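Peer 1: Before I ask anything, here is the structure I am working with.
The values are calculated or read from the model by the stated rules, or taken from the named source; none is laboratory data. Predicted model, so just to flag it, every value in this text is computed and none were measured. As a convention, Cβ positions derive from the backbone with ideal geometry for all residues, glycine included, and neighbour counts pool all protein chains shown. Quick note on the areas: whole protein, heavy atoms, side chains included, nothing else; ligands and nucleic acids left out. Shrake-Rupley method; radii C 1.70, N 1.55, O 1.52, S 1.80 Å.
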Amino acid sequence: MSIIEIRGASKIYRQGEVAVRALDNVDLTIEKGEFSTLCGPSGSGKTTLLNVIGALDVPTSGDIRIENVSLSRLSKTALSHLRRDRIGFVFQSYNLVPVLSAYENAEFILVLQGVKAHERRERIMSLLHEVGLGKLAHRRPNELSGGQQQRVAIVRAIASHPAIVLADEPTANLDTKTASDLLDMMQELNVKHHITFLFSTHDQRVIDRAKRVIRLVDGRIESDDRY
Amino acid sequence: MYFELLVMAWRNLMRRKRRTNITAVSIGFAVFLAITFTGMGDDSYKNMINTSVKLGFGHVTVQASDFHLRPTADKYLRDVNKLYEEIVGQPGIEHAATRIITGGLVASAHKQVGGMLMGINVAQETPDINLFQQAIVAGRWLAPEDSRVAIIGVGMADKLNINLGKKLVYTITDVDGEIVSDVVRVVGIFDTGMLELDQGQVLLPLRFLQHTLNYKNDQATLIGIYIEDHREAEQIRDSLNESIIVPDGEILSWQQSQSELAGMINVDRGSNQILQGLVGLLVAAGIMNTMLMSVLERTKEFGVLLAIGMSPIKLVYLVLWESIWLGLLGLMLGIMICIPWYYYMDRVGIDFSQLMGENASVAGVAIDPVIHLKLYPETVTTILVGVFLFTLLASLYPAIRAGRILPLEALKEL
Amino acid sequence: MASVVLSVTLSILLLVSHSLFAQDSSVQALAILDKVDNLWRGESSYSNLTMRVKTKNYQRELNMESWSLGEEYAFIRILSPIKERGTVTLKSDVNIYTYLPKTDRTIRLTAGMMSGSWMGSHFTNDDLVKESQLSEDYFVQYEHRGQSEFGEIYKLTLIPREESAVVWGKIEIEVDAQNYIPIREYFYDEDGELVRVISFHDVKKLGDRLLPVRMQVVPQDEPDEYTEIVYRSIEFDVPIEQGFFSLANLRRR
Ligand SMILES: Nc1ncnc2c1ncn2[C@@H]1O[C@H](COP(=O)(O)OP(=O)(O)OP(=O)(O)O)[C@@H](O)[C@H]1O
Ligand SMILES: [Mg+2]
């Protein structure tokens with residue numbers, strides 16, 4: 001079963017007289033367990049596409065289904081729950097709640113979901129260990145490096161067992177080494193836990209490691225290659 | 001969930017310690033001001049009321065109907081001795097005293113002045129219920145066997161140019177409306193510090209005044225009743241109304257018998273509350289500003305939270321929790337300031353005598369120049385709850401504003 | 001007694017002799033007082049008089065006519081100045097009423113108003129009511145017979161009784177020994193301090209009686225002030241009834 005199915009999605013921004021087609025009739029299907037990359041020049045619609053998939057934004061036309069549920073039919077609350085339960089987000093920066101520790105940040109969604117305390121603890125600690133942050137669990141975001149912060153963000157994104165993790169340029173703010181470490185880690189999680197990843201990037205090395213590269217130009221899918 | 005929100009809210013608050021502290025201090029200051037204004041007001045009201053009631057009428061007055069409106073001698077209570085016994089047997093009553101009050105003319109060889117005459121049964125009087133008994137500065141207080149004697153104030157002694165042992169002729173209107181005179185000798189002089197009283201009040205033995213007025217032994221103007229807490233006067237009046245019958249008479253609370261004072265207190269209390277309300281509004285505006293700023297500067301953070309699936313209402317709760325903490329912090333600060341302040345005010349007080357000058361009085365009642373704080377538990381609770389609610393109310397708009405953040409817009413600012 | 005103003009002025013002087021103690025030395029004193037008292041005695045009277053008042057702040061002169069009946073009733077009406085014409089003071093037993101024609105209102109003076117000045121003079125309203133009771137209020141002592149600038153005089157001392165509602169500590173009276181006409185009255189407080197002096201002048205024959213037609217009250221604390229009453233005419237035993245001294249009559253006159 002495909003996790004995401006996009007049919008004829010367009011997003012048009014109107015700025016006065018000018019209409020910008022951020023997405024132009026996009027068809028896309030993402031299967032479970034895929035590790036895919038969105039790439040394309042700046043302004044090609046990568047962020048717009050991720051937002052539309054993540055139910056943060058609504059396409060002007062077209063249909064988006066996540067696990068066979070059409071987003072256009074869902075209420076605001078349902079969308080909020082969908083984001084909480086089925087989608088993991090990793091943003092470029094300013095990701096974590098500054099007053100919560102690494103552990104608490106990661107735990108937050110589980111708390112929102114109402115997962116029991118001991119189960120939260122088990123899940124989060126094992127994941128933090130897995131990403132090599134077991135010993136730093138108590139630290140606040142400002143006591144962690146950028147890469148460590150992104151790892152916490154990834155733990156937060158996957159701890160809730162989402163259908164897909166969406167990451168918009170997660171490595172953009174990281175140096176090359178850290179970026180490739182993070183990528184290794186994500187790949188490992190992808191393999192080990194069968195977590196589906198979709199992330200956008202400019203970074204050619206990241207693109208090189210992806211199993212599927214979707215290339216956007218002017219809001220259209222120019223190519224979609226699997227390796 | 002709420003526990004995590006609560007912890008998170010507390011930590012958010014502590015993130016900006018300085019701003020939080022300033023806001024909490026302003027809340028604490030509001031508590032302090034409210035406690036001080038209300039406590040000082042209540043203290044002076046208590047003093048004024050307790051002084052006023054000692055001039056004759058009592059906290060609760062059993063009197064001939066309408067006497068306080070038109071005080072003439074043809075209005076009197078019958079069977080006062082029996083009535084007195086009935087009254088002192090009632091619960092909640094500390095003291096009672098039978099009195100005759102009548103206005104007239106007081107004269108010496110030198111001068112004549114208008115005066116207020118009060119006949120008292122000395123066996124029923126104590127310094128606690130009779131201001132004049134506390135204030136004797138020369139001669140003596142009345143004794144049970146006294147007859148043709150009087151006690152006057154220093155001002156009157158001065159005006160009439162008489163002293164202890166000298167005579168005084170008073171002219172009053174008796175029970176039948178006839179003008180009658182009698183002569184008495186001054187045995188005591190009081191100094192209450194209140195001009196009007198010191199110049200105009202004469203105390204006489206009840207028996208003797210009854211004789212002059214052609215009253216019978218069991219007739220008098222009123223029975224003044226004294227209770228522990230002036231705030232219970234109306235309640236005691238109502239319960240007395242149920243338990244005793246006063247033929248041709250009525251039972252009044254001090255608010256009715258001393259309506260001028262009650263009115264003045266109400267006006268003062270009202271303006272005090274308006275002032276406090278304004279201070280409250282100012283502080284609330286400050287709180288609202290702080291909370292709004294703290295919400296707006298966290299738009300991105302809140303955007304992330306909303307994006308990852310936190311519901312807007314929980315965000316509202318989060319901000320409200322922050323204001324609850326802030327309120328509690330402010331209250332704690334306020335209490336911490338107020339405790340030593342209260343002890344200071346209780347023991348020392350503020351001496352306003354310089355400001356008020358000698359013989360300060362309002363509605364004929366002396367004000368103690370040293371102001372203390374009188375705090376009733378209900379007042380303190382009201383102030384604390386009130387300030388807390390103000391804080392919460394002031395945070396309502398910022399909280400709703402937080403709930404309205406659109407994640408997409410917020411994330412754009414990344 | 002004679003007119004009210006007169007009786008007011010002489011209130012203390014005019015004692016009812018039968019009420020006094022018949023003590024040795026006071027027998028003569030009582031006899032003297034009785035004679036003085038009889039000067040003005042009459043069942044009723046009608047008089048015309050002028051009252052002059054001088055105080056620090058103002059000076060005024062009132063002409064009035066006065067009726068009296070016994071000790072209890074008096075009716076005094078102002079004739080001039082025009083502004084106050086028609087103002088009436090009615091004394092009926094212990095009550096005093098004032099009628100003001102301007103507002104057409106009658107006020108009954110309350111006990112508290114008794115201390116007010118009567119018509120702006122050095123008499124209070126209270127002075128007007130007190131006199132009838134005062135007759136019983138003093139012990140009279142004969143001091144001596146002596147000489148003064150007026151010739152031979154009697155000197156009497158009046159001491160109030162303990163229970164008398166009078167303010168004075170002592171009154172001294174000087175009487176002309178020849179005609180039994182009062183010359184001066186001294187009013188003292190209880191400390192013996194002189195409070196006011198009344199002096200009698202201008203003895204004239206009015207009708208069938210020899211009377212001092214002018215008398216002056218001087219308060220001792222303001223020696224420059226005085227109130228003076230001058231009788232222009234007086235008739236005794238005029239036909240007048242009690243009904244005359246009624247509230248209804250206030251307006252009619
Ligand atoms: N709110 C908006 N209003 C108007 N135009 C918008 C808005 N958001 C995005 N766009 C436009 O839509 C197009 C796609 O933008 P988008 O952010 O998806 O590009 P991107 O591929 O993520 O670029 P980058 O690599 O620089 O992040 C751009 O032309 C952009 O200017
Ligand atoms: Mg982008």
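Peer 1: Straight distance only, please: which lysines reach the Cα of A:LYS177 with their own Cα at less than 30 Å, same-chain residues fewer than 8 apart left out?
Peer 2: A:LYS32, A:LYS46, A:LYS135, A:LYS192, A:LYS211, B:LYS300, B:LYS412
Peer 1: Let me ask something else. Would you calculate the separation in nanometres between label points at B:TYR2 and C:VAL238, each defined as 7 Å from the Cα along the Cα-to-beta-carbon direction?
Peer 2: Modelled inter-label distance: 9.9 nm.
Peer 1: If you don't mind, another one. To check you understand DSSP bridge types, tell me what percent of the beta bridges within segment A:2-226 (both residues inside) are antiparallel, rounded to 5.
Peer 2: Roughly 60 percent of the DSSP beta bridges within segment A:2-226 come out antiparallel.
Peer 1: If you don't mind, there's one more thing I want to ask. Using a 1.4 Å probe on protein heavy atoms only, how many Å² of accessible area do B and A hide from each other, summed over both chains and rounded to 100?
Peer 2: Working: alone 19950 and 11090 Å², together 28910 Å².
Approximately 2100 Å², summed over both chains.
Peer 1: Taking the radius of gyration and the Kirkwood hydrodynamic radius from Cα positions alone, what is the Rg/Rh ratio for segment B:58-257, to two decimal places?
Peer 2: Checking Rg against Rh, the ratio lands at 0.96.
Peer 1: Hey, rough spin-label estimate for B:LEU328 and A:SER126, points 7 angstrom out along Cα→Cβ, what's it come to in nanometres?
Peer 2: Each label point lies 7 Å from its Cα, and together they span 3.6 nm.
Peer 1: What FRET efficiency comes out for the pair C:GLN220/B:GLU232, r = Cβ-Cβ distance, R0 = 41 Å, nearest 0.05? Mind dumping the intermediate values first?
Peer 2: On the way: r = 55 Å, r/R0 = 1.35.
The pair C:GLN220/B:GLU232 has a calculated efficiency of 0.15.
Peer 1: If amide H atoms are built 1.01 Å from N in the plane of the peptide, which residues on other chains or at least 5 residues away come under 5 Å of the amide H of C:THR87?
Peer 2: Hits under the 5 Å cutoff: C:ILE78.
Peer 1: Also: Which value in Å is the Kirkwood Rh of the protein assembly as shown over different Cα pairs?
Peer 2: 36.5
Peer 1: Continuing with the same structure: For every helix of n ≥ 4 consecutive DSSP H residues, a contribution of -39,500 (n - 2.57) applies; sum these over chain B, divide by its total residues, and give [θ] at 222 nm rounded to the nearest 500 deg cm²/dmol.
Peer 2: -17500 deg cm²/dmol
Peer 1: Further question on the same structure: Semi-axes of the equivalent ellipsoid for segment A:65-219, please: Cα gyration tensor eigenvalues, times 5, square-rooted, ordered largest first, whole Å.
Peer 2: 23, 22, 14
Peer 1: Ignoring everything but the protein chains, give the 1.4 Å probe accessible area of B:MET194 in square angstrom, nearest 10.
Peer 2: 10
Peer 1: I've got another one for you. For segment B:203-358, what are the per-bin percents of Cα-Cα distances with bins 10 Å wide, up to the bin holding the maximum?
Peer 2: With 10 Å bins starting at 0, P(r) equals 7, 16, 21, 17, 15, 11, 7, 4, 2, 0.
Peer 1: Another one. How much accessible surface does A:HIS129 have with a 1.4 Å probe, in Å² rounded to 10?
Peer 2: It works out to around 110 Å².
Peer 1: Which value, in Å², gives the accessible area per residue of the protein assembly as shown when a 1.4 Å probe is used on the protein heavy atoms?
Peer 2: 43
Peer 1: What average number of partner chain Cβ atoms lie no more than 10 Å from the Cβ of the residues making up B:8-17?
Peer 2: What the average comes to for B:8-17 is 2.
Peer 1: Continuing with the same structure: Nearest 100 Å², what total accessible surface is buried between chain C and chain B (probe 1.4 Å)? Please list the in-between numbers first.
Peer 2: Values: alone 12080 and 19950 Å², together 29920 Å².
Looking at C and B, the buried total is near 2100 Å².
Peer 1: Using the alpha-carbon centroid of each, what span in Å lies between segment C:157-194 and segment B:241-273?
Peer 2: 51
Peer 1: Determine the order of B:ARG269, A:ARG226 by accessible area, beginning with the largest, at a probe radius of 1.4 Å.
Peer 2: A:ARG226, B:ARG269
Peer 1: Please list, in chain and number order, the residues 5+ apart from B:ALA220 or on another chain whose amide H is under 5 Å from its amide H, with Hs placed from the backbone.
Peer 2: Residues meeting the criterion, in which the H sits 1.01 Å from N, are B:LEU77, B:VAL80.
Peer 1: Right, next: Rounded to whole Hz and in sequence order, give me ³J(HN,Hα) for segment B:247-254 from the Karplus expression 6.51 cos²θ - 1.76 cosθ + 1.60, θ = phi - 60°, writing x for Gly and Pro.
Peer 2: So the J values, rounded to whole Hz, are x, 6, x, 8, 10, 10, 8, 4.
Peer 1: Right, here's the next one. What percent antiparallel are the DSSP beta bridges of the protein assembly as shown, to the nearest 5?
Peer 2: 85
Peer 1: ³J(HN,Hα) across segment A:194-209 via Karplus (A = 6.51, B = -1.76, C = 1.60, θ = phi - 60°), whole Hz, x for Gly/Pro?
Peer 2: Result, ordered by residue: 6, 8, 7, 10, 9, 9, 9, 6, 9, 7, 4, 5, 5, 4, 4, 8 Hz.
Peer 1: Would you kindly derive the ³J(HN,Hα) couplings of segment C:227-243 from the backbone phi angles with the Karplus curve 6.51 cos²θ - 1.76 cosθ + 1.60 (θ = phi - 60°), listing them in order in whole Hz, with x for Gly and Pro?
Peer 2: Residue by residue, segment C:227-243 yields 10, 10, 10, 10, 7, 8, 7, 8, 10, 9, 6, 7, x, 8, 10, 4, x Hz.
Peer 1: In square nanometres, what is the average projected area of the Cα convex hull of chain B?
Peer 2: 25.1
Peer 1: What's the center-to-center distance, using Cα atoms, between segment A:50-110 and segment B:3-53 in Å?
Peer 2: Here the two parts' Cα centres lie 42 Å apart.
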